[in-house]
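Peer 1: Here it is: the structure, laid out below.
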Amino acid sequence: MRFSQSLSSASLLASALVATSLTGLSLSACDDGGGGSENESEVITSVVLTFTPAGGGAPITATFNDPDGDGGTAPTIDPINLTAGVTYAATVKFENRLETPAEDITVEVDDESDQHQIFFTGTGVSGPASNQPTAPLVHTYADMDVNGLPIGLADSFAARTGTGQLTVTLRHMPPVNDQPAKTAAAATTVRDSGFATLGGSTDAQVTFPVTVP
């Protein structure tokens, strides 16, 4: 199943140094990638990142929220403000807040985790999908699907002094002609070539400003 976000381009100035941005995505129907029937799509209006200090302490939450789900109203994007020298256990949550109560799309992503992967890119992060040696965040995947490949719903971020941007991308990679499209090389492909040569399609993509004093 594919989950898509219907959003127009938007940007918010978070500080004099860092701006946030949103990549517009079109709402579309699911496609199993093998010529099968299409299924009803899901709307993603909100992306929630939660950072919990590994040594204990209060969690820090940063949320992207598009209140009307179609970009008509400007979305709100929280800055990510962490502490240098601290490693954080992080989670990513996708919601449709147009429903009451809010629909947790994360559950469905997890159910089809062998077809989904979250990538962390941008000037604010160094990791499997982003080669930024001086970035303020160093990312490591902390979960895997049934095939032993990373998902990205659970992660680890080591924080160090700096500023930048963290782009969170949910990618749907269903099998093609009964062959898996999600592979161990997915993050490396994004790091070296971006998303243009990666199989599948982007379901959600948002950018947060990062500051680690």
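The values are calculated or read from the model by the stated rules, or taken from the named source; none is laboratory data. All figures in this text were calculated on a predicted structure; none of them were measured in a lab. Cβ sites come from the backbone with ideal geometry, for glycine too, and all protein chains shown count toward neighbours.
Peer 1: Kindly provide the set of residues from region 165-204 that are touching a strand residue (DSSP E or B) at 6+ places or on another chain (Cβ under 9 Å), in contact (Cβ under 8 Å) with a residue 24 or more places away in the chain and on the phi > 0 side of the Ramachandran plot, ordered by number.
Peer 2: Gly200
Peer 1: Under the condition of being of a type in the set (S, T, N, Q) and not in a helix (DSSP H, G or I), which residue from region 99-121 is modelled with the lowest pLDDT?
Peer 2: Only one residue fits best here, namely Thr100.
Peer 1: Between a first residue in region 93-104 that is without any contact (Cβ under 8 Å) to a residue 40 or more places away in the chain and a second residue that is not in a loop (DSSP other than H, G, I, E, B), which pairs have beta carbons less than 9 Å apart while being 6 or more apart in sequence or on different chains?
Peer 2: That search, which allows pairs on different chains as well, returns Glu99/Val43; Asp104/Lys93; Asp104/Phe94; Asp104/Glu95; Asp104/Asn96.
Peer 1: Given the condition at pLDDT 95 or above and either farther than 18 Å from Phe208 by Cβ or in contact with a Lys or Arg (Cβ under 6 Å, 6 or more places away or on another chain) (or both), answer yes or no: does some residue in region 70-78 qualify?
Peer 2: No: zero hits.
Peer 1: Every residue in region 126-145 that is in a loop (DSSP other than H, G, I, E, B), aliphatic (A, V, I, L, M) and either buried (at least 19 other Cβ atoms within 10 Å of the Cβ) or free of Cβ contacts under 8 Å to residues at least 12 places away in the same chain (or both), please.
Peer 2: Ala129, Ala135
Peer 1: For Leu22, all conditions in the list (1) under 18 Å from Leu166 (Cα atoms); (2) at pLDDT 95 or above; (3) not small (Gly, Ala, Ser) hold save one; what is the number of the exception?
Peer 2: Here Leu22 clears every test but (2).
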